[in-house]
1. Report the full-extension gain for the segment Leu45 to Ile386: residue separation times 0.36 nm, less the Cα-Cα distance, to one decimal in nm.
2. Using the structure shown, list the pairs from Lys394/Lys421; Lys231/Lys319; Lys3/Lys237 with a Cα-Cα distance above 26 Å, or answer none.
3. Let's test the formula: R0 of 22 Å, r as the Cβ-Cβ distance of Val76 and Asp448. What FRET efficiency results, to the nearest 0.05?
4. Compute the FRET efficiency between Ser227 and Met260 as 1/(1 + (r/R0)^6), taking r as their Cβ-Cβ distance and R0 = 30 Å, and round to the nearest 0.05.
5. For the residue pair Ile273 and His466, what label-to-label distance in nm results when each label sits 7 Å from Cα along the Cα-to-beta-carbon direction?
6. Within the set of other residues whose C-beta is less than 10 Å from the C-beta of Val338, count the net charge using Lys and Arg as +1 and Asp and Glu as -1.
7. When the helix-only estimate is applied to the chain (DSSP H runs of n ≥ 4, each -39,500 (n - 2.57), divided by the residue count), what is the mean residue ellipticity at 222 nm, nearest 500 deg cm²/dmol?
8. For Lys481, give me every one of the lysines with a C-alpha distance below 16 angstrom, ignoring sequence neighbours fewer than eight places off in its own chain.
Amino acid sequence: MKKMKDSQLFLFYSIVVYLIMLVFFSRINPLVVYDADDWTYISALRLPIPDPREWNPTKIFPETFMPLLSYFGVYVIMPITKSYCKSLTLAHALFGSLIITVYFLELALLFYRKKLASATASIGYGALFMLLHFISVIHIGCENYLMLSSANLTCFYNYTLPAVINAALVMHFMSYGGVEKLFKDTTLVHWISVVICGYFAINSNLYSSVVLAAYVGTELLLSLIDSIKSKRFNIIKYCRNYWISLFIIFSWLVTNFLEMRGGRAGLSQGNFIGNFLAVSSLTVESLLNLNVFLLAFGIVIFVLWKKKRNDARKGTVTKFLLYAGLTLVYLMLLSAVVNSGYIYRQEVMICFWFYTFLALIAIFNELLIVDRKYMRTLFILAGTIILLAIYPGKIFVNYNFSNLSYSQCEALMNDYVEQFKTAEKDGLSEITLYVPVYKDESNWPFPDFFGDRISNSLYEHGIVDHRIQVKEIAPTKDMNKKYNISEEALVNKYTALLLELLNR
């Protein structure tokens, strides 16, 4: 009876979280198709298998699900909403909210399955985990980046969701006692489900998949060290006992190799040493870029826990240091190879903060087991309300490079669609596409190649019946004036710094 009540409680929690996420991503801070990258990938569906000939050989998850959900929005939702823009937004919000809900649910289930807390307390930790993602980088009352932020819809699929999937999978393994134990004691349906999730987790993004690799690698390393210390090491027995984990690491290494041979790798930076020094500096800045009250909460919790720490937990502490440490080192090395600016992005650093937040909540739980009075430390986080009173406005940055409001993005999309439909009505096979002017060398987010991308997507989605070529992109200030768009495309410091770093 108690187990059934607990299941109902977790189901209720899941529904509430999903509805909160859905409202957030569809109404409060909507996901929207906006720039050239977004228009590229909403229709560019690929085969869900690694392919060295692709621009991103192993980015299977984003380049499969982003177009699939876009087609779902067009052919299932749009007949109801009658709005192209809103249909795409709702489709991506429905899917993104589902993935993120599973992420927040897995944290609660981890504490419950490991018998670290009751169902009610576990759900409370899940709610705290969710809160940390929303307040972690709040500094003033407007234009903050939450831990689930991304520069645009494409990055939401390329970085944020892959990180969330890998982290959710790690917590799922943890809650069942590890990779091998889960596959040994599970049902066939569960086994297949985890394999599919693992496939898309590994073949999602190198920055994100390190979350899973760091967890599995740490477990393998510590098992190896333990067997060597106890003089029980036998390589055949070791490989037989941990063949699934070894296969996961091997698969992850293969994705790294394939990505190095892809078209995207050709744009990597050259001077690794110089880049790594820049990455190191940005990493420190990024680590210190926390909400001051969250930082204070973390320090207080750690100091209190340090005084009452049980030596029996030393192994767990070592594991979490390795999980987070290996993740951060890999993120830094990869950024030094690709572009130093990536280490400053929240959708990249979420991989590190995931392990940090998980450890923080675990420490908090241990304190509460000793004495419930430590619950009062949560009031430190309430200081965030003070920050929200400083220059109040829209709390979070919008999901587009220019930080435009959703109504502006929708109006701009409708204008583009109308330009194509008018050309089709007039029997034209090519048009000059008018876009806003931006003070960027390539007029990003609407550069010269934007025309082919939008033309292809509108045709593939059936918005126009014939493929209409864009012979020229014509930036005009009239579009800026019409939709109240500043020529300064990057209207916040974070995004300006990011694009500056990416363009070096």
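1. Numbers: separation 341, 0.36 × 341 = 122.76 nm, distance 4.56 nm.
Here the segment from Leu45 to Ile386 would lengthen by 118.2 nm.
2. Beyond 26 Å between Cα atoms: Lys394/Lys421; Lys3/Lys237.
3. Details: r = 33 Å, r/R0 = 1.52.
Efficiency, rounded to the nearest 0.05: 0.10.
4. Working: r = 32 Å, r/R0 = 1.08.
Approximately 0.40, to the nearest 0.05.
5. 6.1
6. Values: positive: Arg264; negative: Glu259.
My count for the surroundings of Val338 gives 0.
7. Values: 21 runs with 312 residues, N = 504.
Here the helix-only value at 222 nm equals -20000 deg cm²/dmol.
8. Straight-distance partners of Lys481: Lys439.
Rule-based calculations on the coordinates, nothing more; no lab input. Nothing here was measured: the structure is a model prediction, and the numbers come from that model. FYI the Cβ positions are ideal-geometry reconstructions off the backbone, even for glycines, and counts take in every protein chain you see.
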